[in-house]
Amino acid sequence: MSDLIFLKPVLKENIWGGNRLKQFGYDIPSDHTGECWGISAHMNGDCIVDGGFYDGWSLSELWEKHRELFGNIQMDRFPLLVKIIDAKEDLSIQVHPDDTYANEHEHGSLGKTECWYVLDCDSDGKIVIGHHAKNKAELKNMIEQKRWEELIRMVPIKKGDFFQINPGCIHAIKAGTLILETQQNSDITYRVYDYDRLSDGKPRELHIKQSIDVIEAPYRAAEIDPRVTVEHGVTITSFVECDYYQVKKLDVDKTGQIEFHAPFTNVSVIEGEGTINGKKIEKGTHFIVPFEYGTCCFSGTLSLIVSSI
Ligand code: ZN
C-alpha cells in the first residue's frame with residue numbers, strides 16, 4: 001500500500017490578497033497573501049511532498065515518474081489544481097476559454113473549468129457570475145460601450161455555497177470572500193474589466209477581443225443540486241460531476257471511513273482536526289490519496305473538500 005501524499009502548499013501574494021490564510025495555519029509572506037496552491041503540479045507553483053517515502057519530491061516529478069500512484073492515467077499533465085483564495089479586494093472580472101479555443105489561440109493550452117466552495121464571506125457577500133446581455137451582439141455593444149453596471153450579473157452568496165464556472169462564463173470573486181477553488185490545471189484567463197483600477201499608475205491589460213469571442217450569450221446558469229448521503233459515518237455532499245472533475249464535501253463527526261475508487265483523490269481539510277489512519281490532519285492540510293490506497297479511517301471532527309477526475 002502506498003503512503004498518503006501530503007503536500008506543502010505554495011503561498012502567493014496578490015494586490016487583492018489579505019491575511020486570512022493565516023487561519024489555515026500557513027506562514028503567510030505578507031498581508032497581501034491572496035492564494036494558497038494546496039494541490040498543484042503547475043510550473044508556477046509545484047507543491048513539494050511533505051514526509052513519507054517521497055519526501056521532498058515535487059508533485060510534477062511524482063506525476064512523471066510514478067504514474068502508478070495516479071492509476072496510470074494517460075494525460076500529459078496533472079489535471080487539477082486546488083487553491084484557497086482570500087480576496088480582500090475585488091478580483092478583476094474575467095472569463096476562461098474552453099479546450100478548443102485555448103488549443104487554437106494559446107499554443108496548445110487547456111481551457112479552464114473551475115468551481116468554488118465558499119469557505120467564508122462578509123454578511124452582504126456577493127460574486128459576479130454571468131451577465132444580462134440577450135445575445136452576442138448586445139454583449140459586444142455593452143462591452144465596447146463599457147456599460148458594466150447593465151452587463152454584469154451579481155448574486156448574493158453565503159458560507160457553504162457552491163458555484164460551477166464553465167468556460168465562457170464571466171465571473172469574479174468580490175472583496176471579503178474566502179473560497180476553495182478546484183480547477184483544471186490551466187492559467188488561461190481573459191480579463192474583461194478591472195473596475196478601471198490602476199496598478200503602478202497604469203490600468204492592467206484587458207483582453208476584449210478574446211473575451212467577446214469566448215463569453216457565452218445569453219448566459220445559462222450551471223445548475224448545482226447537491227446530493228447528500230451518509231456512509232459509514234461520513235456525510236457526503238456531492239456538488240458537481242463534469243467532464244473534468246467531481247467535487248464533494250465530506251463531514252466526519254467522531255469516526256468515519258471511506259474508500260475512494262478514483263485513479264487518485266485530492267483532499268483538503270477546510271475545518272476541524274483529527275486523524276486519517278492514525279496520521280494527524282487539521283484545517284489547512286492538503287493531501288492526495290493514491291490509486292488503490294484502500295480504506296481511509298477518520299477520527300475527529302473534520303470537514304474535507306475532495307476532488308477526483
Ligand atoms: Zn476564473
Stokes-Einstein D in µm²/s, Kirkwood radius over Cα pairs - the chain at 20 °C with 1.002 mPa s viscosity: 106 µm²/s
Where a label projected 7 Å from the Cα of THR100 along Cα→Cβ would reach, residues of the range 154-177 with amide N under 16 Å: 167-169
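Determine the dipole magnitude for the range 227-308: charges of +1 sit on the beta-carbon of Lys and Arg, -1 on that of Asp and Glu, nothing else is charged, the reference point is the Cα centre, and the result goes in debye to the nearest 20.
160 debye
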Projected label distance in nm at GLU223 and SER109, using a 7 Å step from Cα toward the beta-carbon: 3.3 nm
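Could you put THR189, THR237, THR33, THR100 in order, starting from the residue whose Cβ has the fewest other Cβ atoms within 10 Å? Walk me through the numbers before you get to the answer.
On the way: THR189 14, THR237 18, THR33 22, THR100 10.
Lowest count first: THR100, THR189, THR237, THR33.
If I stretch the segment between SER199 and CYS242 completely, what's the gain in nm (0.36 nm per residue apart, minus their alpha carbon distance), one decimal? Can you show the working numbers first?
Details: separation 43, 0.36 × 43 = 15.48 nm, distance 3.62 nm.
The span from SER199 to CYS242 would gain 11.9 nm if fully extended.
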Cα centroid of the range 271-309 to Cα centroid of the range 149-185, whole Å: 26 Å
R0 of 41 Å, Cβ-Cβ distance ASN135-LYS279: FRET efficiency to nearest 0.05: 0.15
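Once the piece of chain linking GLU271 and VAL155 is laid out straight, how much longer is it, given 0.36 nm per residue of separation minus the C-alpha distance between them?
Values: separation 116, 0.36 × 116 = 41.76 nm, distance 2.53 nm.
Going from the current span to full extension adds 39.2 nm.
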Of LYS112/LYS136; LYS134/LYS248; LYS88/LYS279; LYS83/LYS279, pairs whose Cα-Cα distance is over 26 Å: LYS134/LYS248; LYS88/LYS279
Neighbourhood net charge (9 Å Cβ-Cβ; Lys/Arg +1, Asp/Glu -1) for THR301: -3
Positive-end residue of ILE276, GLY71, PHE24, charge dipole of the chain with Cβ unit charges: PHE24
Inter-site label distance for MET75 and TRP148 at 7 Å from Cα along Cβ, in nm: 3.4 nm
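Relative contact order for the range 227-308 using alpha-carbon pairs under 8 Å, separation at least 6, rounded to a whole percent? Don't skip to the end; give the middle numbers.
Values: 210 pairs, mean separation 28.8, N = 82.
Computed over the range 227-308, the figure is 35 percent.
List HIS232, HIS132, HIS261, HIS96 from most exposed to least, where exposure is judged by having the fewest other Cβ atoms within 10 Å. Could you put the intermediate results ahead of the total?
Details: HIS232 13, HIS132 16, HIS261 9, HIS96 26.
Starting with the residue having the fewest Cβ neighbours, the order is HIS261, HIS232, HIS132, HIS96.
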Neighbour-count ranking [beta-carbon atoms within 10 angstrom, fewest first] of TRP116, TRP63: TRP63, TRP116
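Since every read-out is calculated from the coordinates, none of them should be taken as a lab result. Values in this document were obtained by computation on a predicted structure and should not be read as measured data. Virtual Cβ from ideal backbone geometry, glycine too; neighbours counted across all protein chains shown.
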